[in-house]
Amino acid sequence: MIKAVIFDLFDTLIYIDWNNYNKFRGELADFIGAPVDEIGFIWRKYRTKRCTGEIETLSEMIEILLDELDKKIDKDKLDQIIALEEKTLKDSIRFYPDVEVMLEKLKANGYELGLLSNASHNVGNVMEMLSWRDYFDHVILSYKVGMVKPDPRIYILMLGRMDYIADECLFVGDGGSMELDGAKKVGMITVKAAQANQDATETRSKNADYIVESIQEIPELVERINRERQL
Ligand SMILES: [Mg+2]
């Protein structure tokens, strides 16, 4: 029987409007006088270090970026860049429809809920925007625990906080960072959310026990799996 549902955050419950975000990237490139592609490349290169918390702040990341580009800027300009990036990320967050209704249904049916995200320091601001964040009994953001999906230890950490064993947990995510492979490895049942507006540059897990086209299908899917398992 499934008794708990663990969700990924980005491209599962929310997504980034990359058209909007990339406007910032263009402005940033002009501001520091470097090619936008190179900025994107360096940004991606340090993603794991941001998500494990090894790079602790946005200012540290911008300094690394400038260093790699061999550019120097003064403190005032650095502060401007930081403020602009924080604002751009917040302005670029979009929500998949009816997340709250979906979480409410699961809660009403008695399921324990978890949120497990590969996230960096700047997701703290994003979390505050999620009106439905209190539906989660347990929240693990990778930068706070120094581990990232698909490292089995981060799923085991979540299981340690939950009242149930892996086989009783459904893990729902878009598959980014190969997260479904990690969830499967520790024994969870996996669902791939193959929804619109997901980041096209992401490498994703191919295999999952179930696939949905919208996270709104999750409450119904959980009931169906539990009916099947009772037979
Ligand atoms: Mg994701």
Q. Pick from 119, 83, 183: which is most flexible by mean-square fluctuation in a GNM of the chain where alpha carbon atoms under 10 Å apart are linked?
A. 83
Q. Build a GNM of the chain with springs between Cα atoms under 10 Å: which of 200, 34, 166 gets the top mean-square fluctuation?
A. 200
Q | Magnitude of the charge dipole, segment 103-202, Cβ model with Lys/Arg +1 and Asp/Glu -1, debye to 20 | A | 120 debye
Q. What whole number of Å gives the distance from the Cα centroid of segment 206-228 to the Cα centroid of segment 71-120?
A. 25 Å
**Q.** For the chain, built as a Gaussian network whose Cα springs stay under 10 Å, the top-fluctuating residue of 154, 82, 215
**A.** 82
(Q) Please report the net charge: other residues with Cβ closer than 13 Å to the Cβ of residue 213, K and R +1, D and E -1. (A) -2
(Q) Restricting to DSSP loop positions (anything but H, G, I, E, B) with no more than 15 other Cβ atoms inside 10 Å of their own Cβ, which trypsin sites (Lys or Arg not before Pro) remain in segment 135-231? (A) 206
**Q.** Pairwise label distance in nanometres, residue 47 with residue 20, each label 7 Å out on the Cα-Cβ vector
**A.** 2.1 nm
Q | the chain: calculated mean residue ellipticity at 222 nm from DSSP helix runs of at least 4, using -39500 (n - 2.57) | A | -14000 deg cm²/dmol
Q | Proximal lysines to residue 49, defined as alpha-carbon separation beneath 25 angstrom and excluding residues fewer than eight positions away on the same chain | A | 23, 71, 72, 75, 77, 87, 90, 144, 149, 184, 185, 206
Q) What is the fewest-to-most order of 89, 84 by other Cβ atoms lying within 10 Å of their Cβ? A) 84, 89
Q) Under the Karplus relation 6.51 cos²θ - 1.76 cosθ + 1.60, θ = phi - 60°, what is the ordered set of whole-Hz ³J(HN,Hα) values for segment 109-117, x standing for Gly and Pro? A) 7, x, 7, 7, 10, x, 10, 10, 10
Q) What GluC sites (Glu not before Pro) in segment 136-231 are in a loop by DSSP, with at most 14 other Cβ atoms within 10 Å of the Cβ? A) 202, 213
(Q) Among DSSP bridges having both ends in the chain, what percentage is antiparallel? Round to the nearest 5. (A) 15 percent
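Laboratory data are not the source of any read-out in this text; all were calculated from the coordinates shown. From a predicted model like this one, the values you see are computed outputs, not experimental measurements. Here the Cβ is made from the backbone with ideal geometry for all residues, glycine too, and neighbour counts use every protein chain on show.
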